[in-house]
Structure formats: structure tokens, C-alpha cells
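Everything on this sheet refers to the single structure shown next.
The values are calculated or read from the model by the stated rules, or taken from the named source; none is laboratory data. Being a predicted model, the structure only gives us computed values, none of them experimental. Please note: Cβ atoms are built from the backbone with ideal geometry, for glycine as well, and neighbour counts cover all protein chains shown. Protein only, heavy atoms only, side chains kept; ligands, DNA and RNA dropped before computing areas. Shrake-Rupley method; radii C 1.70, N 1.55, O 1.52, S 1.80 Å.
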Amino acid sequence: MSPYDPSAFPPFAVTVDLVVLTVRRHALCALAVRRGEPPFQGRWALPGGFVRADEDLSGAAARELVEETGLCAHDPDSPVQANGAHLEQLATYGDPKRDPRMRVVSVAHLALAPDLPAPRPGGDAHSARWAPVEALLHQGGYGREGEQAAPLAFDHAQILSDGVERARSKIEYSSLATAFCPPEFTVGELRRVYEAVWAVALDPRNFHRKVTGTPGFLVPTGGTTTRQGGRPAQLFRAGGATLLNPPMLRPDA
């Protein structure tokens, strides 16, 4: 048996790209950065970067998340953090021609967090913003007001589309929708998360009945709030259930 020869295989780089989703002004938004360097200089893209030699994939994704948003990946075994975000691996993208510089394989990650402040650009980006996913995925490309629209850089439109669909499907059968909410929230605020992610309108009474009747989904905190206006609304926090039974089925849009 001949010895293994590493030089027989061409080297390639590994990156992590982040689909960071939040709900702002009742719309599902993703973090986009404008590239400050070639390739695709000046085009909008997802945040991300190369995996360092001493990092594993989850560590690289968590580092990029902190650098781009100031958020820490939430440890499900720890109490909810004020600056915590849900972070999970999404998919791997390895088309040989996806990056014109060299062979680059990207391991995309999905991050979900409550309404976030204006982002700060980092790395090779010279500006960053939250943008509605509908606008980022527009067939004619994306551009801010007064800019010429262009598709997202690399294969980031596909990665973003896959991340959005992952979020839409997972909130059907898991408690993941609460990751878009602050530690204490109302049923109305949770309903608006579902409406934004699914891009549909939901009946408030039916939604209230479903979420409060699903074992382990929500736990009353004992408090109320008037931050949404009107009468005081009961506050809840996420319960211990990770899977919802029965599931919250997505209506036909």
C-alpha cells in the first residue's frame, strides 16, 4: 500500500459565511455588507471570512458573528444572554468556480437574534446594513436608493435563500421563533415574528390559542407590559420545549 502523499491533492481554503436574520419594523431582515476589496468590490454580500488555522468551524462562525454584530453565540445549556444569538450550521457550498481567487469551500451558518442595532462593518467590508430579505433576493439584484442594483456577491443569494427557508421551516416544529424575541415578550410580539418570517398575516386569537396551548413552548413571567400600546399584555419567556407538538403549521401564502 503506497503512503499517503498530501501533495497529490490541491490545497483549498475554507470560509464561513453568515446568514444573520432579525426582525426589524415587522420585516425579516438580513445583515449585508458592502465589499471593500476585490473580488466583487462594491457589491453587497453576506458577512463572513476565512477559517484560521487554529479554529474549528463553529469557532470561526462565532468569531465572525462577534466581529460583525457584537453578538455571542448562545449556549443552549446556559441562561439567555442579553447579547446572545442562536447560531447553527446551515450548509456547505463548494462549486469550484464560486470564488474567482482560488478554490474556496464555504460552510454557511444561520444566526437568529432579536431586533438589533445598526451594524458596524468589519474585515474587508466598508459598510454594513440590515436589509429586508425580499429586497436582497430580488431577481434584479440589490442596491440602496440611488445605487445600481446588482446580485449579491459570490453565491450568497443562494446561501441567503437557503437560510431563510431553514428559518421558515424550523419555526414550524421548533421553538426557534423565540430566538427573534427579547428574553421577555408578549404573544403579539411572537406573532409578529411568525408573520415576518413567513410573510403572512395570522389570526391573533387562533395564534394565541395555539402557542399558549402548546406544552413547554411559553412560560408566563408574571409580568405585563404596555410597550405595544393599549391594555397591559401578559409577558412570557421561552419554555423548555425544543420541539413543538403539535407543530405550528405554516399557512399557504
*For H156, which of the numbered conditions (1) within 22 Å of the chain's Cα centre (by Cα); (2) at pLDDT below 95; (3) surrounded by 12 or more Cβ atoms within 10 Å (Cβ to Cβ) fails to hold?*
(2)
*Out of all the residues in the range 101-112, is one or more open to solvent by less than 30 Å² (accessible area, probe 1.4 Å), more than 29 Å from T178 (Cβ to Cβ), at pLDDT 75 or above and among the aliphatic types (A, V, I, L, M)?*
yes
*What number of residues in the range 59-73 are free of Cβ contacts under 8 Å to residues at least 40 places away in the same chain and more than 14 Å from the chain's Cα centre (by Cα)?*
2
*Evaluate the following for E165: is it surrounded by fewer than 15 Cβ atoms within 10 Å (Cβ to Cβ), within 25 Å of L116 (Cα to Cα) and not aliphatic (A, V, I, L, M)?*
yes
*So, of the residues in the range 2-22 that are small (G, A, S) and outside any strand (DSSP E or B), which turns out to be least open to solvent (accessible area, probe 1.4 Å)?*
A8
*asked:* With the requirement that a residue be closer than 15 Å to R24 by Cα and small (G, A, S), what does the range 157-187 give you?
replied: A177, A179
*Residues located in the range 23-34, provided they are open to solvent by 20 Å² or more (accessible area, probe 1.4 Å) and assigned to a strand (DSSP E or B)*: V23, R24, A27, R34
*What are the residues in the range 74-94 that are within 14 Å of the chain's Cα centre (by Cα) and either at pLDDT 85 or above or open to solvent by less than 30 Å² (accessible area, probe 1.4 Å) (or both), if any?*
G84, A85, H86, L87, E88, Q89, L90, A91
*Criterion (of a type in the set (A, V, I, L, M), at pLDDT below 90, touching a Lys or Arg at 6+ places or on another chain (Cβ under 9 Å) and closer than 13 Å to R34 by Cα) met by exactly one of A131, A150, A125, A118*: A125
_Residues (touching a residue at least 24 places away in the same chain (Cβ under 8 Å), exposed (fewer than 14 other Cβ atoms within 10 Å of the Cβ) and not in a loop (DSSP other than H, G, I, E, B)) located in the range 189-218_ = T212
*When the residues of the range 35-73 are filtered to those that are in a loop (DSSP other than H, G, I, E, B) and closer than 30 Å to R191 by Cβ, which remaining residue is most open to solvent (accessible area, probe 1.4 Å)?*
G70
